[in-house]
């Protein structure tokens, strides 16, 4: 079923099966995705294709410097006829949300997503509104070195279960993009592969994936090492530990297993943890990156010898 989702999305976004797989893993563990890459590589397209494949309501919010929180979550409007207030919903009240170029708006507006990304709800003037399941924010951003960008605060970054990049297509893939015809038409022709009920059922199955104590200790050791690294100012929070635990279960499930192996943890660790770290300035000057430090930690952390019996 999940392979059909990947195949379906591959009809409009070519050569990005691994990125698609990670996005589905995030969806299965109730997480949100941050896509960072240069313009024009398909960030918006892959979000639209996912929503169409899952038959989910979709909204695209273009983040600009003058965007206000009320433009996203909605606002109460006064009715002069009866003296009452009516809540006018914002575009956040959908299932798949594309927060396009999220780092081009002010931190004040960025922070309007904190509650909904953590608790699947918003609060306006004392009233709470729940989001429809499945709910997922797919935010895109240009690299922070680009002009006119506002770096996301740590609290915001910590709420994304993964930060991934699409990258440029390979030569043959780029030629196939030219030959594949009208993109808009291909998006419109995408079939629905999963229903809401399917997604909720699959999420319940992911929660049942078994994790041995040795794997739990392995995950904890990796995350704690980010806090003790000499090149790091701020390591990963316990939310990062939970995220690595949950995404590892989703990856194992997508591979057809009911249990997590160390390889599942290693496969997804950089995507889950790297964006949660703040490096020292001197470490950056020396050529270190968050991902390289995670890879170094994975190499140094002892891999548990886990045996599973039928």
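Here are a few things to note about the model shown:
- Percentage of interatomic Cα-Cα distances in segment 1-115 larger than 22 Å: 43
- Based on the convex hull around the alpha carbon atoms, segment 106-241 presents an average projected area of 14.1 nm².
- Most mobile of 238, 151, 134 in a GNM of the chain (Cα contacts under 10 Å): 238
- Using every pair of distinct Cα positions in segment 170-302, the Kirkwood expression returns a hydrodynamic radius of 17.4 angstrom.
- Nearest-ten-degree value, helix 290-300 long axis tilted from longest Cα axis of the chain: 30
- Burial ordering of 259, 63, fewest other beta-carbon atoms within 10 Å first: 259, 63
- Relative counts (whole %) of C-alpha pair distances in the chain, using bins that are 20 Å wide: 30, 58, 11, 0
- Long-range Cα-Cα pairs in segment 57-170 (distance over 21 Å), rounded percent: 40
- Sites residue 179 and residue 201 - FRET efficiency at Förster radius 35 Å, r taken between beta-carbons, to 0.05: 0.40
- Highest to lowest packing among 160-171, 267-278, scored as the average C-beta count within 10 Å: 267-278, 160-171
- Normalised by the number of residues in segment 83-211, the mean separation of alpha-carbon contacts (under 8 Å, six or more apart) gives a relative contact order of 27 percent.
- Average Cα contact separation per residue, segment 208-300, under 8 Å, 6 or more apart, as relative contact order %: 34
- Cα Rg, Dmax, segment 105-165, angstrom units: 13.1, 39
- Spin-label model distance (nm) - residue 11 vs residue 188, 7 Å beyond Cα toward Cβ: 1.4
- Neighbour counts of other Cβ atoms within 10 Å put 44, 140, 247 in the fewest-to-most order 44, 140, 247.
All of the numbers you see were taken from the coordinates with simple rules; none came from a lab. Predicted model only: the values in this text are computed from it and were never measured. Here Cβ is always computed from backbone atoms with ideal geometry, including for glycine, and neighbour counts include all displayed protein chains.
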